[in-house]
Amino acid sequence: MKRIRRRELLKQAVVRSGAVALALGAGAASRGFPAVIVRAASSPVARNDTFVVSQGTEPNSLDPAVGTGPFQGIINAIFDGLVQWNEKGEIVPALATSWSVAPDGRTWTFVLRSGVKFHDGTPFTSAAVKATIDHINDKSVPATRRGNYQLIKDVATPDDHTVRFTTDPPNPDFALLMADGSAKIVSPTALRTYGPDFGRHHVGTGAFAFEEWVPNDHASATANLDYWGPKPRVRRFVYRPIPEAAARVVVLKTGEADVVLDLPPADIDALKQETGLTARATPAAEIAELEPAQTKAPLHDVRVRRALNMAIDKDAIIRGIMKGYAIPLNSPGIPGIWGSYNFAPVKYDPVAAKNLLAEAGYPNGMDLTINITDGRWAGDTQVVEAVQGYWTLIGLRVVVHSMDFATLLVGSSSDPDSRPGAMTSLLKASPYIDYHLYRMYDSAATNVPGTQQRTGYSNPQVDKLLDQERSTFDPAKRLPILRQAQALIWQDQPLIYLFQMVNLWGSRNGTSGYIVLPTGDFVPGQLARRS
Amino acid sequence: MLRHIAGRVLWALPVVLGVSLIVFGILKMIPGDAAVVVAGTDATAADVQAIRHELGLDRPVYVQYALWLGRLARFDLGRSAVTRRPVSYEIATRVRPTAELAGSALGLAVAAGVVMGVTAATHQRSAWDAIASVGAALGVSMPIFWLGLMLMMTFSVDLRWLPSTGAGTTAQLILPALTLGAASTAIIARQVRSAMLEVLQQDYLRTAEAKGATRWAVVMRHAFRNAVIPIVTVVGLQLGYLLSGTVLTETVFARPGLGRLIVDSIRSRDVVVVQSAVMVLSITFIVVNLAVDVLYAYLDPRIRFD
């Protein structure tokens with residue numbers, strides 16, 4: 001008996017040993033954990049009826065208050081905001097049909113669309129708006145942009161279809177905040193029912209209703225037949241996180257995805273030759289820069305910062321490293337967003353830069369440190385190494401420190417006094433001009449514990465102008481102030497301005513009904529695809 | 001027999017404990033503050049402090065370790081700091097795809113490796129032998145991400161035979177399994193070849209041939225059976241390689257799995273998830289080695305009495 005068993009085993013031993021043991025291990029593991037039922041992919045829908053969007057990042061949550069990142073497409077499919085951005089960079093109605101601000105600038109009234117229902121049947125009313133703001137302010141919710149909502153002092157609901165926000169201080173950009181991804185309106189019933197698990201039960205009013213989320217594989221939603229706006233022409237919307245850029249190129253080529261975001265620059269030219277798809281490069285509301293700690297020598301001197309900017313051949317970096325997929329940056333703002341102005345470029349001139357450094361008292365150069373997290377965007381390390389090279393050419397001693405992002409942030413938010421001569425390589429994306437100028441250049445923000453961009457830059461005149469523009473509601477009066485503030489900042493050259501980023505993305509031909517915003521967010525509208 | 005098994009199991013326990021200490025220690029030593037990352041960019045110092053307290057990061061290291069071990073023993077793994085889902089959910093949703101991938105890659109490696117190895121050994125210095133040797137050298141040297149992309153380019157983009165990415169269907173398993181299994185196939189083939197060559201020179205095989213046994217019987221019944229112990233050892237060890245290889249394979253092919261969960265969690269400093277997922281993989285590996293040890297005793301009765 002035993003012999004036979006052994007012989008049987010002999011035959012199968014090699015084939016099965018590993019597989020069986022793995023299954024045992026896996027079995028033991030899953031027995032120990034509470035039973036979890038993972039829904040299998042739901043009823044097969046023909047690929048014709050499914051619109052697939054792919055980007056690199058797995059969502060951390062599909063709760064709009066929590067899930068902010070490069071996977072906004074699926075959240076935009078499920079949820080609507082009161083207002084939203086259109087392709088021209090304007091704010092247009094969504095769940096609110098109109099809005100107005102009282103003369104004191106503190107009270108914003110939104111008139112809500114009637115007859116709208118959440119996917120769970122709950123009618124959309126002012127109570128849902130209030131519940132959404134309360135949800136964002138709930139300390140137990142890890143809402144990453146909670147800070148932006150602190151100006152809301154009260155949310156009043158005089159009737160079902162009117163909501164009135166009181167803000168302090170007054171803010172002309174309040175409607176823009178309501179267009180943010182984090183301000184999408186969530187079902188109050190779902191919030192009550194699921195509590196802390198709302199991030200797994202996604203109920204909005206969007207064109208698509210949540211279907212399933214298989215972690216690291218896909219999140220999907222089905223067309224909402226009761227949608228208040230133009231109804232999608234596909235039955236299903238799928239977001240697929242594909243971390244490897246080369247694999248994203250593959251799914252675009254094979255048609256396994258209809259729209260692919262964050263394509264690698266090296267592949268764009270080849271993709272443009274492919275039939276059946278269109279590869280695009282559109283300006284992004286995002287800049288690449290180095291943030292110097294400037295409360296102490298040597299970087300506290302404007303001449304030094306100007307010389308550093310002057311010593312870098314930025315056009316050569318854009319051509320050589322970015323393969324042309326970046327835009328020269330001649331603004332302290334973000335070109336393309338409302339209120340951002342361009343100024344005279346700081347021309348590449350290593351000789352003038354060297355003279356300027358000598359004039360500032362550094363004829364023999366200085367020691368500088370650049371902190372960077374390798375691989376945050378395509379080409380980042382090469383760009384910083386090029387900068388290091390250009391600065392070495394004018395006699396500076398530059399060390400590049402590569403570190404993980406958490407450590408980098410700890411450094412960039414530490415007291416600038418403690419790191420003279422150091423700078424941090426970062427990307428900065430901003431949805432609107434005041435958000436950008438305030439956090440980058442207002443002394444109330446640049447040297448405060450906990451802020452990421454703690455350069456210590458401070459110019460009282462700039463502070464005053466930013467205060468002024470932030471309390472000016474008439475755009476015609478506000479623009480000149482914004483221009484003046486930016487002109488002052490441009491003189492100070494508080495940052496090492498590298499370039500503006502572009503969004504590299506591609507779509508299959510025959511797809512329509514969506515926009516890709518300068519923020520890189522995919523916004524589904526009346527989605528359609530030709531099979 | 002039972003004594004042999006019991007002894008092996010007892011030996012595995014300190015190994016598990018040692019692994020847990022290493023896993024915990026490494027995650028303590030890597031720089032970066034988990035609380036800062038979890039708190040997000042707009043958090044105040046007070047928020048960060050609150051999160052640090054919530055995660056228990058403000059307590060002495062040995063207390064953190066002891067608490068973690070206690071929770072591990074009760075399978076109370078807590079919640080992910082990033083997704084706020086239970087860690088057990090995060091792991092359970094990934095066990096199956098990883099088991100499928102590693103299992104099929106191993107099955108492939110064993111099947112192809114044994115065939116290649118036996119053929120090469122019995123046809124020494126023939127074309128078969130050369131092909132197997134070159135194939136083995138290639139298999140070992142091709143990095144997973146490169147091989148994966150090449151297979152994708154060929155079978156998904158050019159030929160349109162197979163889906164490139166994702167998980168769920170058998171078709172989606174083929175390319176990742178080939179990619180992950182390539183190196184192990186090569187290693188197993190080489191091991192089978194050398195083990196077989198050694199056995200094939202033995203006198204008793206000449207005797208078997210002399211008594212008129214068929215070539216098949218000589219090779220498979222007399223030779224292979226005696227060559228199987230070192231092969232089983234290599235196969236067991238390969239599972240460790242395969243489990244670590246899933247990290248790259250799952251990333252390239254955008255498959256859900258434990259490997260990718262670990263990479264994502266390391267990136268977002270989701271320490272609780274990293275610790276638990278690495279422990280699951282380590283314990284799997286330990287269990288496999290235990291199984292291999294027990295298997296020896298079945299395969300070779302002499303080992304039971306050592």
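So here's what we get for this one:
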quantity: Phi to ³J(HN,Hα) by Karplus 6.51 cos²θ - 1.76 cosθ + 1.60 over region A:376-385, Hz, x for Gly, Pro; calculated: 6, 8, 4, x, 4, 5, 4, 4, 5, 5
quantity: Protection proxy ranking, peptides A:488-496, A:345-353, average beta carbon neighbours within 10 Å, highest first; calculated: A:488-496, A:345-353
quantity: Reduced Cα scattering model of region A:322-407, Debye log10 I(q)/I(0), q = 0.16 Å⁻¹; calculated: -0.89
quantity: Spin-label proximity, A:Asp417 to region A:435-469 - amide N less than 14 Å from point 7 Å beyond Cα toward beta carbon; calculated: A:447-449, A:456
quantity: Beta bridges per DSSP with both ends in chain A, % antiparallel, nearest 5; calculated: 75
quantity: 5 angstrom amide H check on A:Val400, placed H, neighbours 5+ away; calculated: A:Ile370
quantity: Peptide ranges A:62-70, A:310-318 listed from the most packed, as the mean C-beta count within 10 angstrom indicates; calculated: A:62-70, A:310-318
quantity: Separation in nanometres of the label points that stand 7 Å from Cα toward Cβ, at B:Val140 and B:Ser244; calculated: 1.6
quantity: Trypsin sites (Lys or Arg not before Pro), loop per DSSP, at most 13 other Cβ atoms within 10 Å - longest free stretch of chain B; calculated: B:212-306
quantity: Chymotrypsin sites (Phe, Trp or Tyr not before Pro), loop per DSSP, at most 15 other Cβ atoms within 10 Å - longest free stretch of chain B; calculated: B:162-304
quantity: Farthest positive-ward along the protein assembly as shown dipole, Cα basis, beta-carbon charges - from A:Leu252, A:Pro494, A:Ala386; calculated: A:Leu252
quantity: Cα gyration tensor shape for region A:405-531, rounded if a/c is under 1.5, else prolate or oblate; calculated: oblate
quantity: Exercise: per-residue mean of other protein chain Cβ atoms within 10 Å, B:147-153; calculated: 3
quantity: In Å, descending, principal axis extents of the Cα set of chain A; calculated: 92, 73, 48
quantity: Neighbouring partner chain Cβ atoms per residue of A:286-297, average, 10 Å criterion; calculated: 0
quantity: Cβ neighbours within 10 Å from other chains - mean over B:274-286; calculated: 2
quantity: Proportion of all alpha-carbon pairs of chain B beyond 36 Å (%); calculated: 33
quantity: FRET efficiency, A:Thr275 to A:Asp467 (Cβ-Cβ, R0 51 Å, nearest 0.05); calculated: 0.40
quantity: Built amide H within the under 5 Å cut-off of A:Asp262, gap 5+; calculated: A:Leu504
quantity: Label-zone membership for region B:266-306, site B:Leu10, 7 angstrom Cα→C-beta point, backbone N under 16 Å; calculated: B:305-306
quantity: Cross-link partners of A:Lys347 among aspartates and glutamates (Cα-Cα below 18 Å; sequence separation of 8 or more within a chain); calculated: A:Glu289, A:Asp313, A:Asp315, A:Asp492
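Since every read-out is calculated from the coordinates, none of them should be taken as a lab result. Model, not experiment: these values are computed from the prediction. Heads up, the Cβs are rebuilt from the backbone with ideal geometry, glycines too, and the neighbour counts pull from every protein chain shown.
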